[in-house]
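Novice: I'd like to ask some things about the structure below.
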Amino acid sequence: MDRFVTEGTTVLFDPVCGVVDEVVIACEGGEYLRPLHKAPWTRAGERLPSSVPAVEQRLAGDFFCAPFAKARPDLPLHGWAANGDWQRVKAPSNMRGMQTAI
């Protein structure tokens, strides 16, 4: 799990399936806003059958998908972006502080 932190905001990114797992925003008065949902089975650590697409097994927060549905029989549900492992790559020098994943 990769953690990205800036003043008042933390983002957890899971490179397995490209899931933005959690976003935590600090609010006034010591409260925190967590606007993203996690499926009950991910919170409980439950293992789903291997026949369930990887993106559904890890369903949390938000994920990148292309196409949104199953476009062809040989593609997994929501495409490879949502079912593959992402890798961090070096950001170009003109993008200070930015991260790029593929």
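The values are calculated or read from the model by the stated rules, or taken from the named source; none is laboratory data. Quick caveat, the model's predicted, so the values are computed rather than measured. Note that we place each Cβ from the backbone using ideal geometry, even for glycine, and neighbour counts take in every protein chain shown. Each accessible area value is taken on the protein alone, full model and side chains, heavy atoms only, with ligands, DNA and RNA left out. Shrake-Rupley method; radii C 1.70, N 1.55, O 1.52, S 1.80 Å.
Novice: Just a yes or no: is a residue in the stretch 23-39 in a loop (DSSP other than H, G, I, E, B), closer than 19 Å to Pro76 by Cβ, touching a helix residue (DSSP H, G or I) at 6+ places or on another chain (Cβ under 6 Å) and not hydroxyl-bearing (Ser, Thr, Tyr)?
Specialist: no
Novice: Counting just the residues of the stretch 64-102 that are at pLDDT below 85 and of a type in the set (Phe, Trp, Tyr), which one comes out least open to solvent (accessible area, probe 1.4 Å)?
Specialist: Among them, the one singled out is Phe64.
Novice: Follow-up question, since we're still on this one. It is to be established whether one or more residues within the stretch 69-82 are assigned to a strand (DSSP E or B) and in contact with a strand residue (DSSP E or B) (Cβ under 9 Å, 6 or more places away or on another chain).
Specialist: no
Each row is one residue, and each column tells you yes or no for (1) at pLDDT 90 or above; (2) within 16 Å of the chain's Cα centre (by Cα); (3) closer than 27 Å to Lys70 by Cβ; (4) open to solvent by less than 40 Å² (accessible area, probe 1.4 Å).
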position	(1), (2), (3), (4)
Gly18	no, yes, yes, yes
Val24	yes, yes, no, yes
Tyr32	yes, no, no, no
Arg43	no, yes, yes, no
